[in-house]
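Quick one: the structure is below, questions incoming.
The values are calculated or read from the model by the stated rules, or taken from the named source; none is laboratory data. Nothing here was measured: the structure is a model prediction, and the numbers come from that model. Note that we place each Cβ from the backbone using ideal geometry, even for glycine, and neighbour counts take in every protein chain shown. Side chains included, ligands, DNA and RNA excluded: accessible areas come from the protein's heavy atoms. Shrake-Rupley method; radii C 1.70, N 1.55, O 1.52, S 1.80 Å.
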Amino acid sequence: MNPQLDANLRTVVEDMTRQNAALDLGCETSKDSVTTNPNRSAERAGSEDVVPRGPEADEELRKMVLAKAESIYGSPLPEIVRTRVDKELGAIVGHGFSTLYLIAAKLVSKLQADGHVAGYRTLAGSSLAAYLSGITEINPLPPHYICPKCGWTEFKVSKTCFTGLDLPMKQCPKCAAQMTGNGFDLPFEILAGIDGDRLRDTGLSLTFSGSYQLIAPEYLPDRFRDIDRFRDIIDLNLIFSGSYQLTAREYLRERAVYWGAYQDADLTMLEELGRLTGVNPRTIPLDDPEVFRRILSLFSGTEALGITSSDLETEKSGVLGISKFGTKLGRDILKETSPKSIDEIIRVFALSCARGAWVENAQKLIRHAVPLHECICTRDDVMAQMVSYGVDPKSAFNAMERVRKGKGLRAFMQEDPQALSAIPPHFLDSCEKSIYLCSRAYAVVRVLATLRIAYFKLYFPAEFYRCYLARNAERFDVTHLAVQSLDELRAALAAIRKRDCNEPADTADNESALLGVLIEMNLRGIHVSPADISSLD
């Protein structure tokens, strides 16, 4: 067995054991999770393989991807689509990942059919094959128009639009129907590397609104210790809601896919909002111009909520309670950037996740009138901008890998003085200051979820605030919930801001966020009713 693989597997089992201990699952449950269940599934593999492997899997995936591509873009495919499909399938098939994609596609399909929210983790959104096989809703092609009626496509669009959602409304030149915009401009290289060989390291990750993972156990029958056979089974990371655990577990077991519990968490806010309102999050009409305009306006103002920023005093946006945008850092970045497009919102989210990319970096550039799209917000920006400066793609990719890990760029580029001289000083300085950068694909999927949560905040405010308060009650002083007076809430907020600076920032930020949400609720005519024990049986 490959020594490095063996070492990795030992680490995985140790991590699983620690996680199970933290969750207090008990000895027998931990043993089942770490060794017994994975071994049982491995023993069954080969006799109950519902998902094909090898050449069969390659052919099934190829047919699935091409059929979907032609249903969207017509036949023959536009050159840009055909080139991307061929490149991706070559890497996926060449490195033995067809079975992985098929398992992911089948499970996502089942999960959505059962009414659950599905998504993915990390870089899967950079794969067109993942989009066409139904694994992710993120189309990684450059921004483009598609006519839903006749299939007309247009890829030559304004260079000022960096996502399809930002494209202006346009009628189809062929049939006059209203076209839709798509594409988030996510290069496959970010996931797979320049030559497609990085797939072996990254695998494919999916998120299903909770946190369970498919992982590899250490102890397997000898016939499964071959690394090529391992890859068919171990590289799929799946995360899904707590309520779906048993269903997904059985579905995977039937397909000889073994897995173990890595971390357990509750349903996401988005799935909970869907349950409370009866609205499937995937049906939210982001393609409706008026709905889209109102959602977008929340990131730079509060008018869509029916209140003014002066009513909220310190708040200039309407994103309180919405993921990372509702944090102090997220709101601070919004105040300075005032995003007017989905691309800018994606960049703001990425900056809120990064380390070393905002304070005294992008923030400083913004204050000197540098456009946000020219700032380094994601790891993708490093590679794309370096290529635009004339650096060859492979060197640009390697430089991106260094920068995103906080290793800087100057020393690396010293080996190529000519390329170094072509890089603007402010870009080089930003790379040196960056400690960690997330991928654009990660930011895109989180922003799409955020847009849907913002929809609920706009159109189902009572359910939104109920869900927010229920999910965050343990982090706050619940006595604030009983306060009905706006003056009292504002006084409490002012008192928090005057507290001793030695108090942990997280504590003050959490209480400030709660009070801000309560003030906003009251201004929108929504209140927390005190418990009435006389109404209890």
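Give the range 497-516 a look and list any residue that's at pLDDT 80 or above and surrounded by fewer than 20 Cβ atoms within 10 Å (Cβ to Cβ), or say none.
S512
Residue check, F349 against (1) more than 20 Å from E137 (Cβ to Cβ); (2) of a type in the set (A, V, I, L, M, F, W, C); (3) modelled with pLDDT of 95 or more, all met but one. Which one?
Evaluating F349 over (1) more than 20 Å from E137 (Cβ to Cβ); (2) of a type in the set (A, V, I, L, M, F, W, C); (3) modelled with pLDDT of 95 or more leaves (1) as the failure.
Which condition does G326 not pass, out of (1) open to solvent by less than 20 Å² (accessible area, probe 1.4 Å); (2) closer than 30 Å to V291 by Cα; (3) modelled with pLDDT of 90 or more, if it passes all the others?
(3)
How many residues are over 13 Å from E137 (Cα atoms) and either assigned to a loop (DSSP other than H, G, I, E, B) or open to solvent by less than 70 Å² (accessible area, probe 1.4 Å) (or both) when one looks only at the range 274-285?
8
Then there's this: Which of the residues that make up the range 386-401 are more than 18 Å from L191 (Cβ to Cβ), out of contact with any Pro (no Cβ under 9 Å at 6 or more places or on another chain) and open to solvent by 30 Å² or more (accessible area, probe 1.4 Å)?
Within the range 386-401, S388, G390, D392, S395 meet the criteria.
Taking L428 as the residue in question, decide whether it is open to solvent by less than 50 Å² (accessible area, probe 1.4 Å) and out of contact with any helix residue (DSSP H, G or I) (no Cβ under 7 Å at 6 or more places or on another chain).
no
Of these, L128, L102, which one is closer than 20 Å to P187 by Cβ, aliphatic (A, V, I, L, M) and modelled with pLDDT of 80 or more?
Numbers: L102 fails: closer than 20 Å to P187 by Cβ.
Criteria check complete, one pass: L128.
Return a yes/no flag: does the range 342-355 have any residue that is open to solvent by 50 Å² or more (accessible area, probe 1.4 Å) and over 26 Å from R466 (Cα atoms). First the steps, then the outcome.
The initial filter retains those residues of the range 342-355 that are open to solvent by 50 Å² or more (accessible area, probe 1.4 Å), namely 344, 355.
After this cut, where a residue has to be over 26 Å from R466 (Cα atoms) as well, the list is 344, 355.
Yes, the range 342-355 has at least one match.
Here is a further query. Please go through the range 178-191 and pick out each residue that is open to solvent by 20 Å² or more (accessible area, probe 1.4 Å) and assigned to a loop (DSSP other than H, G, I, E, B).
D185, P187
Is one or more of the residues making up the range 362-370 surrounded by 20 or more Cβ atoms within 10 Å (Cβ to Cβ), modelled with pLDDT of 95 or more and assigned to a helix (DSSP H, G or I)?
Yes, some residue in the range 362-370 is surrounded by 20 or more Cβ atoms within 10 Å (Cβ to Cβ), modelled with pLDDT of 95 or more and assigned to a helix (DSSP H, G or I).
Restricting the search to the range 322-361, which residues are of a type in the set (S, T, N, Q) and outside any helix (DSSP H, G or I)? Before you say what the answer is, go through the steps one by one.
Initially, the range 322-361 is screened for residues of a type in the set (S, T, N, Q), giving 323, 327, 337-338, 341, 352, 361.
Across the range 322-361, the qualifying residues are T327, S338, S341.
Another question about this same structure. Using the structure shown, decide if G306 is of a type outside the set (D, E, K, R) and surrounded by fewer than 18 Cβ atoms within 10 Å (Cβ to Cβ).
For G306, the condition - of a type outside the set (D, E, K, R) and surrounded by fewer than 18 Cβ atoms within 10 Å (Cβ to Cβ) - is met.
Here is a follow-up. Could you check, for the range 404-416, whether at least one of its residues is among the acidic types (D, E), modelled with pLDDT under 85 and open to solvent by 70 Å² or more (accessible area, probe 1.4 Å)?
Of the range 404-416, the ones among the acidic types (D, E) are 415-416.
Restricting the remaining residues to those that are modelled with pLDDT under 85 gives 415-416.
Retained after the next criterion (residues that are open to solvent by 70 Å² or more (accessible area, probe 1.4 Å)): 415.
Looking for residues that are among the acidic types (D, E), modelled with pLDDT under 85 and open to solvent by 70 Å² or more (accessible area, probe 1.4 Å), one finds at least one in the range 404-416, hence yes.
Another one. Output the residues belonging to the range 153-177 that are assigned to a strand (DSSP E or B) and either open to solvent by 80 Å² or more (accessible area, probe 1.4 Å) or closer than 27 Å to L372 by Cβ (or both).
Keep residues of the range 153-177 that are assigned to a strand (DSSP E or B), which gives 153-154, 171.
Those that are assigned to a strand (DSSP E or B) and either open to solvent by 80 Å² or more (accessible area, probe 1.4 Å) or closer than 27 Å to L372 by Cβ (or both): E154, Q171.
Going residue by residue through the range 440-449, is there one that turns out to be closer than 20 Å to A513 by Cβ, open to solvent by 10 Å² or more (accessible area, probe 1.4 Å) and out of contact with any Phe, Trp or Tyr (no Cβ under 7 Å at 6 or more places or on another chain)?
Yes.
Here is a further query. Can you name the residue in the range 138-192 that is modelled with pLDDT under 90, within 26 Å of the chain's Cα centre (by Cα) and hydrophobic (A, V, I, L, M, F, W, C) and, of all such residues, is nearest to F397 (Cα to Cα)?
Across the range 138-192, the extreme among qualifying residues is I190.
Let me ask another. Go through the range 83-109 and report how many residues are surrounded by fewer than 16 Cβ atoms within 10 Å (Cβ to Cβ) and within 15 Å of P140 (Cα to Cα).
Just the residues of the range 83-109 that are surrounded by fewer than 16 Cβ atoms within 10 Å (Cβ to Cβ), to begin with: 83, 86, 90, 94, 109.
Pick out the ones that are also within 15 Å of P140 (Cα to Cα) and you get 83, 86.
Result for the range 83-109: 2.
List every residue pair whose Cβ atoms lie under 7 Å apart, where the two residues are 6 or more positions apart in sequence or sit on different chains, the first residue falls within the range 299-311 and is assigned to a loop (DSSP other than H, G, I, E, B), and the second residue, located anywhere, is among the basic types (K, R) and at pLDDT 90 or above.
S300/K340; G306/R524; I307/R524
Given the conditions (1) polar (S, T, N, Q); (2) open to solvent by 20 Å² or more (accessible area, probe 1.4 Å); (3) modelled with pLDDT of 85 or more, which single one is not true for Q112?
(3)
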